[in-house]
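Everything below concerns the one structure shown next.
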Amino acid sequence: MPADAGAAAIARRLSERVLGLAAAERRRPVFRGANLEAQTTTLPEFVLSGPAGTGKSVALLARLHANAEAFPGSRQLIIRKTRASLTQSGLTNVLNTLGVLKGKPASRKELGQKPTRWVQALDWQDYRFAPESGVYENIVPLGQDVAAGTVVGAIHFLERPERDPIEVIAPSKGVLIATRAPSIATQGDCVAVIAHDVDPRKLP
């Protein structure tokens, strides 16, 4: 089979499966935050980043599918790791579910992952800002639970080595969901975000 014909067959099969599942379940994925913005952005280039398991692959696949529907005859290209190395990726599960790959979709439990955890950070104090400019150091690993008063990071002053670092402290109990990479931080930069568990049934 010619390459173009093979690609067209895969695209047609994927489209049929997506539309079939949507019709059967009568629902589409619900995106929030950056995943939602990715569905409508008109930027020629954008970066969608975040921790593993937050739905980035599904969001991008949904955007590519929408583009394909809006522009018949267009080609959508996904460039990632080799398929053989995607055994722990959400993309593999999506393609298995849609029947593009001949595999069984795996649950988070089967993958040895913890159940999905719903969190939110709505209080202004959940966002920790650099009180002074300096070099930021991560102290708590991303995704770790913290107690109120936990030191999650520190700002160092390379030009004043005699100064003690300024500590960045979690204001309340929660989980560290975002942190600045070790680098120069300017006063006012957000360097850490503490989120709190929430019942997904109470989300808007």
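Do any strands (runs of 3 or more DSSP E) entirely within region 121-204 hold 3 or more residues that are assigned by TED's automatic domain parsing to the domain that holds Arg32, and if so, which?
Answer list for region 121-204: none.
What do you reckon, is Val191 surrounded by 15 or more Cβ atoms within 10 Å (Cβ to Cβ) and not charged (D, E, K, R)?
yes
Considering every residue within region 131-147, establish whether at least one is under 22 Å from Pro200 (Cβ atoms) and of a type in the set (Ser, Thr, Tyr).
No.
Would you be able to tell me the number of residues in region 92-107 that are without any contact (Cβ under 8 Å) to a residue 24 or more places away in the chain and part of a loop (DSSP other than H, G, I, E, B)?
Of the residues in region 92-107, 7 are without any contact (Cβ under 8 Å) to a residue 24 or more places away in the chain and part of a loop (DSSP other than H, G, I, E, B).
So which residues in region 158-175 are in contact (Cβ under 8 Å) with a residue 24 or more places away in the chain and over 12 Å from Arg128 (Cα atoms)?
Scanning region 158-175 gives Leu158, Pro165, Ile166, Lys173, Gly174, Val175.
Give all pairs with beta carbons closer than 6 Å in which a residue from region 181-200 that is in contact (Cβ under 8 Å) with a residue 12 or more places away in the chain meets a residue that is assigned to a loop (DSSP other than H, G, I, E, B) and of a type in the set (Lys, Arg); count only pairs at least 6 apart in sequence or on separate chains.
If the second residue must be assigned to a loop (DSSP other than H, G, I, E, B) and of a type in the set (Lys, Arg), the pairs left are Val191/Arg180.
The values are calculated or read from the model by the stated rules, or taken from the named source; none is laboratory data. Only a predicted model underlies this, so the values are computations on that prediction, with no experimental measurement involved. All Cβ positions, even for glycine, are placed from backbone atoms using ideal geometry, and neighbour counts span all protein chains on display.
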